[in-house]
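Worksheet for the structure shown next.
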2 protein chains.
Amino acid sequence: MAKTLADLDTPAVLIDIDRVEANLGRAQAHADQHGYRLRPHIKTHKLPRFAQRQVALGAVGITVQKLGEAEVMADGGLVDIFLPYNIVGGRKLARLKALNQRVALSVTADSPDTVAGYAATFSADRPLTVLVECDTGGGRCGVQTPAQALALARQIGMAPGLRFGGLMTYPPLHGLDRSNAWLTDALAQFRTAGIAVDRVSGGNSPDMWAPGGGPVTERRPGTYIYYDRFQVKEHAASLDDCALTILATVVSRPTATRVVLDTGSKSLTSDLLGMEGFGLIMGTELTIKALSEEHGVIEMPVASDWPRIGERVRIIPNHACVISNLFDTVQLVSGDAVVDTVPVAARGRVD
Amino acid sequence: MAKTLADLDTPAVLIDIDRVEANLGRAQAHADQHGYRLRPHIKTHKLPRFAQRQVALGAVGITVQKLGEAEVMADGGLVDIFLPYNIVGGRKLARLKALNQRVALSVTADSPDTVAGYAATFSADRPLTVLVECDTGGGRCGVQTPAQALALARQIGMAPGLRFGGLMTYPPLHGLDRSNAWLTDALAQFRTAGIAVDRVSGGNSPDMWAPGGGPVTERRPGTYIYYDRFQVKEHAASLDDCALTILATVVSRPTATRVVLDTGSKSLTSDLLGMEGFGLIMGTELTIKALSEEHGVIEMPVASDWPRIGERVRIIPNHACVISNLFDTVQLVSGDAVVDTVPVAARGRVD
């Protein structure tokens, strides 16, 4: 007999594969129509099979955030991997060098120190492609001015083992115009200096429906495969697009209004991202009001028999990316059918 | 050559075994002196070896929060396990029954439904010990009144496969007096009803130095093995007692005051627990001001060359328990020496 949701123990992570397919297709169509390349970030799903599917649909390659994730994706057959991170230290540089032998790899740098580390590690027979990370308002990593970007590009260009690969930014939320202005200014300075910039990598899921044009040639959305409550708040998707939910069981009804689920911060995380509640109960307007490590508490607006002890609900999480990081396996579902149970191959690749 | 901190890749979780030993010994001595039993919660460390050590030092048994954790600890040789959780549903009850054959097991219930599930599963040849969970102000699970506790104890007592094991509470933070008053009132009602209450289980790390006496016969602290920034704020420990730190590398210095570490919400979680910052840099007063998934940002109070790219710092996390849940392995250290690298056996046991 086919396996259904009723056969699963809880908490369990459900991935609606029909919604995944629709989400991936819609994003790729937007990229094709607007003339930018899609380079999806796999941090959200951490599954080689979905990365392969993204590439099959037209993605130019994938993005990862950790060297360990890149290694897992290379093992999974992905051949074009962007690691937009400053890779620092001898052990990591050795791993990076080994990885660069296997796949078309690109990384970022935002300082002369980081470039020096790359330059000392790589040689002309198998050069490393390095993009310059630009802080266009996000306030995280990145050079602060176009002049610094230019200086770093020159340092990269002078190293025999390195190839200048372009510019990269993680744009500030709601700051796409400012970010694009920064990059446009930088591109003008590079043009004046006679340095070609083949690739300008930007963007993320909240900005993914922005029209094309402008300085960015590729975008790196991640969450768009699953979406989540935050993406819905940011108008990137509707609740009906959310493909990742957590199946939970009611384990306690201490009062007529209090409902306690078997999902706490160890399965939902405590990410609020500026919202009320730690997740939305699918098909309702109820949110999880309080979390401890292994319990989630819903406060019903009025006394209610529903849901009873033993009944199940599905939770749309605030932030889908961090959920994949907490579970060893996820359940691929279509409607109520459980199609497959898959290990989260790149989970826990912390370094 | 002996392995040291310098040989580790980052981020890495460091467990200072000398501090662990001191923390465990001090807590057991307090329990012995004040006449209560210690039943440590293993959610914090998730390591059978530390659970064994806690028992060797005098703990009466251990506490776990998930059935999967209990199974791992039983595999690890632990023989007296308390699972203070409503276990609901056929699949979980079958696992609970199998576990009850292997170890001295006790669980909780806070509703007639949960007790009915236990009663239908267990039989007199191998009864299950069930404590009644009491909401003494914590606002999570638990019966709301001593009268409800009494009714539930009677339901347990009438089931041939169940044995009434006493009362359990998760006391509210800063509400020990209120919690004890609730329990004292309940015990009086049980006495009047002629029902013996052998065991009253309460307490946690923030309350662990409260004097003995009162209704509680055993306490279930967990975090006290490692402590963390929250426990220090709650005066349960000093910073010098904190045994778990995260080793991080500086990967970017975008400005003279901004320092970016290779540790984000996927290695620290976003738990704030009412504090400023997502962790404290050991040996300093600096905290992590902002987190993204794989980056942590420190803002220095004044322009500073230190720390440079490639330098390492140790982070005292806000909440130690959730860290063990994110890493597949932890490093046992003594001073700068890495003594052992151990898998976190009960990590990811979500159900």
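The values are calculated or read from the model by the stated rules, or taken from the named source; none is laboratory data. As the structure is a prediction and not an experimental result, all values here were calculated from the model. No Cβ is skipped: glycine too gets one built from the backbone with ideal geometry, and neighbour counts run over all protein chains shown.
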*Residue by residue through region B:277-311, note down the ones that are touching a Cys at 6+ places or on another chain (Cβ under 7 Å) and either more than 10 Å from chain A (Cβ to nearest Cβ) or modelled with pLDDT of 95 or more (or both).*
B:H295
*So which strands (runs of 3 or more DSSP E) stay within region A:198-300 end to end and still have 3 or more residues that are assigned by TED's automatic domain parsing to the domain that holds A:A51 and more than 30 Å from A:R37 (Cα to Cα)?*
none
*Test B:A51 against the criterion of being within 10 Å of chain A (Cβ to nearest Cβ) and touching a strand residue (DSSP E or B) at 6+ places or on another chain (Cβ under 6 Å), and give yes or no.*
no
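From B:T269, B:T249, grab the single residue that is modelled with pLDDT of 95 or more, within 12 Å of chain A (Cβ to nearest Cβ) and within 28 Å of A:G68 (Cβ to Cβ).
Every option except B:T249 fails the conditions.
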*Report yes if some residue within region A:54-76 is within 14 Å of chain B (Cβ to nearest Cβ), surrounded by 18 or more Cβ atoms within 10 Å (Cβ to Cβ), free of Cβ contacts under 8 Å to residues at least 60 places away in the same chain and assigned to a loop (DSSP other than H, G, I, E, B); otherwise report no.*
yes
*Could you pull out the residue among A:P127, A:P84 that is over 22 Å from A:R37 (Cα atoms), at pLDDT 95 or above and not hydrophobic (A, V, I, L, M, F, W, C)?*
A:P127
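I'd like the residue in region A:186-197 that is assigned to a loop (DSSP other than H, G, I, E, B) and in contact (Cβ under 8 Å) with a residue 12 or more places away in the chain and, out of all such residues, is surrounded by the fewest Cβ atoms within 10 Å (Cβ to Cβ).
Out of the qualifying residues, it is A:I195.
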*Options B:T217, B:T145; residue that is free of Cβ contacts under 8 Å to residues at least 24 places away in the same chain and under 24 Å from B:Q65 (Cα atoms)*: B:T145
*Residues located in region A:231-275, provided they are closer than 26 Å to B:G117 by Cα, surrounded by 21 or more Cβ atoms within 10 Å (Cβ to Cβ) and of a type in the set (V, I, T)*: A:I246, A:T249, A:V250, A:V251, A:V259, A:V260, A:T263
*Before we move on, is A:E293 in contact with a helix residue (DSSP H, G or I) (Cβ under 6 Å, 6 or more places away or on another chain) and surrounded by fewer than 23 Cβ atoms within 10 Å (Cβ to Cβ)?*
yes
*Quick one: which residue in B:D271, B:D336, B:D305, B:D351 is acidic (D, E) and out of contact with any helix residue (DSSP H, G or I) (no Cβ under 7 Å at 6 or more places or on another chain)?*
B:D305
_Just to verify a result, which residue in region B:34-53, among those that are charged (D, E, K, R) and assigned to a helix (DSSP H, G or I), is nearest to B:R220 (Cα to Cα)?_
B:R53
*Scanning for something under 20 Å from B:N180 (Cβ atoms) and surrounded by fewer than 22 Cβ atoms within 10 Å (Cβ to Cβ), does region B:129-137 turn up at least one residue?*
yes
*Would you pick out the residues in region A:321-340 that are outside any strand (DSSP E or B) and of a type in the set (D, E)?*
A:D328, A:D336
*Residue that is surrounded by the fewest Cβ atoms within 10 Å (Cβ to Cβ) [pool: residues in region A:92-117 that are under 18 Å from A:E71 (Cα atoms) and either of a type in the set (S, T, Y) or at pLDDT below 95 (or both)]*: A:S106
*Report, by residue number, each residue of region B:323-343 that is modelled with pLDDT of 90 or more and within 10 Å of chain A (Cβ to nearest Cβ).*
B:L326, B:F327, B:D328, B:T329
*Is one or more of the residues making up region B:156-165 closer than 30 Å to B:D340 by Cα and away from every other protein chain (no Cβ under 14 Å)?*
no
